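> The structure follows.
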Amino acid sequence: MNPLRNLCVLACFVAVALATNSYRQSNSLNNYDDPSNWVSISEIEQLPTLKDVTLRRLEGLTVDEGASLLDKMYHLAQFNRIFKPEYVPESSQIKGYFVGENGQKIEFNLDNFVQTVKRQTNFGNDEVTIFIEGLPQTWSQANKANRKLIEAYAQRYNLQPYPSQQETDEQKSNSDEQVEQGRKQNQEQEDKTTGDLVVIALGNVIGDFEQYVTLNVERIGEMIGERLVELTNEVNVPQEIIHLIGQGPAAHVAGIAGRHYTRQTGHKLRRITGLDPARLYAKPDNKLTGLARGDADFVDAIHTSAYGMGTPERLADVDFYPNGPATGVPGADNVVEASLRATRYYAESVRPGNERNFPAVAASSYREYKQNNGYGKRAYMGIATSYDIRGDYMLQVNSKSPFGRNTPAQTQSGYHAYHQSWKQQQQQRSFA
């Protein structure tokens with residue numbers, strides 16, 4: 001941490017506090033949302049420096065404690081725009097990998113991404129899912145959540161012939177009948193869905209909280225968006241089969257990547273999914289930024305730490321709020337774990353047979369959802385979300401896996417149904 005940055009931030013905080021006392025003496029609750037109304041001098045004195053805010057520290061706080069700390073820092077950050085989006089890692093530092101047909105990792109960095117794709121046989125013949133991680137893999141909770149999502153897609157796309165050791169251990173606790181049912185579902189899936197899974201490990205270049213809050217999502221999104229343009233222009237991967245998934249701050253990176261792709265090609269990516277989109281502490285001046293409706297043909301978001309690591313703002317065509325907009329979700333002990341539950345929920349829905357595990361109901365508030373006893377217009381959160389739904393949706397979830405409250409379900413609609421239709425049209429054209 002730059003000592004000068006620390007002094008500047010502290011000076012701004014003190015200025016906010018002094019302004020607060022004067023403001024409170026002359027005003028009531030008007031302009032309550034002004035950042036200077038959220039903190040007192042004593043609260044500022046208790047705030048840690050950016051250097052002292054770590055995932056480990058947030059893990060040691062309760063959900064409410066962590067949310068309170070982040071909330072104060074966020075509102076102070078909005079006062080005179082203390083934080084600037086200055087952190088831009090080099091494209092060669094942002095690494096990732098493809099999951100090969102046998103589950104092996106084929107590594108790349110953003111500089112050689114397209115060249116690496118060109119060496120893969122049959123890439124882009126079917127679905128292309130690109131998962132942009134938003135938290136470092138060195139943290140165990142992020143590693144576990146991301147691994148669940150990657151393994152789920154590997155199973156869905158038939159990229160691994162056998163379950164992982166962890167899955168095998170978990171299956172031992174299930175009945176033989178359940179295991180056999182899972183095997184049958186996997187067999188049925190073999191002729192239905194194939195695809196390519198790409199993982200971009202953006203989280204691994206976010207070394208501390210200062211880099212997290214000053215991440216330039218615009219610049220990084222444009223980097224990735226340009227690679228997607230090259231993917232279409234040089235490898236002939238059509239936009240209709242590309243699905244971007246962004247986690248935390250990477251949800252905004254995904255949105256900007258989609259926007260850049262549209263500006264350069266005149267076409268929209270098929271889908272972008274935000275997994276607990278993060279609050280943006282540092283924003284460019286005089287410019288709207290981050291994930292938004294219109295960044296793809298269809299944009300969906302899952303908010304599991306709306307008042308913690310994430311944001312309660314409606315960003316997508318459809319926004320899902322498990323257990324309503326809150327600091328966390330059932331079973332999550334801290335705000336980081338709560339944020340990562342969005343990844344866990346989505347991963348569960350990707351597993352063949354689980355596509356409709358998360359039924360949700362349209363509601364403008366959790367109170368409305370509870371008053372209606374869960375009745376109303378229904379949609380499914382996760383991979384099977386239908387592309388024609390709009391608005392806010394609420395649902396209840398379990399505190400531990402399986403998190404969804406529905407039984408394994410019927411044939412899905414949405415992206416995969418659309419893609420099967422698109423694929424058939426392409427085959428007919430090729431044989432015409």
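> In the structure shown, do any of LYS95/LYS148; LYS105/LYS283; LYS105/LYS144; LYS72/LYS287; LYS268/LYS370 have a Cα-Cα gap over 29 Å, and if so which?
As for pairs spanning more than 29 Å Cα to Cα, those are LYS105/LYS283; LYS268/LYS370.
> Convex hull over the alpha-carbon atoms of region 270-315: what's its volume per residue in Å³?
That works out to 71 Å³ per residue.
> Restricting things to alpha carbons, tell me how big region 49-110 is in terms of Rg and Dmax, in Å.
Just the Cα atoms of region 49-110 yield Rg and Dmax of 18.1, 52 Å.
> Arranged from highest to lowest average of other beta-carbon atoms within 10 Å per residue, in what order do the peptides 363-375, 124-136, 251-263, 303-315 appear?
251-263, 303-315, 124-136, 363-375
> Ok, one more. Within region 48-135, what whole-number % of the accessible surface is contributed by carbon and sulfur, with the 1.4 Å probe and all protein chains included in the calculation? Walk me through the intermediate numbers first.
Numbers: 1760 of 4130 Å².
That fraction is 43 percent.
> Shifting gears a bit: So between ARG405 and THR62, what do we pick up on full extension, going 0.36 nm a residue minus the alpha carbon distance? List each step's numbers first, then the result.
Details: separation 343, 0.36 × 343 = 123.48 nm, distance 2.54 nm.
Between ARG405 and THR62, full extension yields 120.9 nm more.
> Around ASP285, what is the net charge, scoring Lys/Arg as +1 and Asp/Glu as -1 over all other residues with Cβ under 15 Å from its Cβ?
Cβ neighbours under 15 Å give a net charge of +3.
> Highest mean first, how do 335-344, 111-120, 214-223 rank when packing is the count of other Cβ atoms within 10 Å averaged over residues? Present the calculation step by step, with values, prior to reporting the outcome.
On the way: 335-344: 27.7, 111-120: 15.9, 214-223: 22.8.
Highest to lowest by the protection proxy: 335-344, 214-223, 111-120.
> Given region 319-361 reduced to its alpha-carbon atoms as identical point scatterers, what log10 I(q)/I(0) does the Debye formula return at q = 0.15, 0.33, 0.34 Å⁻¹?
Here the Debye-derived log intensity ratios amount to -0.39, -1.20, -1.22.
> In nm², what is the average projected area of the convex hull enclosing the Cα atoms of region 214-315?
Values: hull surface 24.0 nm².
Hull-based average projected area comes out at 6.0 nm².
> How big is D, in µm² s⁻¹, for region 46-163 by Stokes-Einstein at 37 °C and 0.692 mPa s if Rh is the Kirkwood radius over C-alpha pairs?
Numbers: Rh = 17.7 Å.
Answer, rounded: 185 µm²/s.
> Nothing charged except the Cβ atoms of Lys and Arg (+1) and of Asp and Glu (-1): what's the magnitude of the dipole of region 299-363 about its Cα centre? Round to the nearest 20 debye.
Approximately 140 debye in magnitude.
> Ignoring ligands, DNA and RNA, what accessible area per residue does region 201-323 give at 1.4 Å, in Å²?
Roughly 29 Å² per residue, with all protein chains present.
> While we're looking at this one, here's another question. By what distance, in whole Å, do the Cα atoms of region 81-125 stretch along each of the three principal axes, largest value first?
48, 19, 18
> At what distance in nm do the modelled label points of SER364 and THR121 sit from each other, each positioned 7 Å from its Cα along Cα→Cβ?
5.8
> What order, most packed first, do the peptides 62-74, 378-390 have when packing is the mean number of other Cβ atoms within 10 Å of each residue? Can you show the working numbers first?
Working: 62-74: 19.1, 378-390: 20.9.
Highest mean packing first, the order is 378-390, 62-74.
> GLY310: net charge of surrounding residues, Cβ under 13 Å, Lys/Arg +1, Asp/Glu -1, itself excluded? Intermediate results must be reported in sequence, preceding the final value.
On the way: positive: ARG279, ARG314, ARG341; negative: ASP71, ASP276, GLU313, ASP319, GLU337.
Neighbour charge sum, excluding GLY310 itself: -2.
The values are calculated or read from the model by the stated rules, or taken from the named source; none is laboratory data. Values in this document were obtained by computation on a predicted structure and should not be read as measured data. Here Cβ is always computed from backbone atoms with ideal geometry, including for glycine, and neighbour counts include all displayed protein chains. Accessible surface is based on the protein model in full, side chains and every heavy atom, while ligands, DNA and RNA are left aside. Shrake-Rupley method; radii C 1.70, N 1.55, O 1.52, S 1.80 Å.
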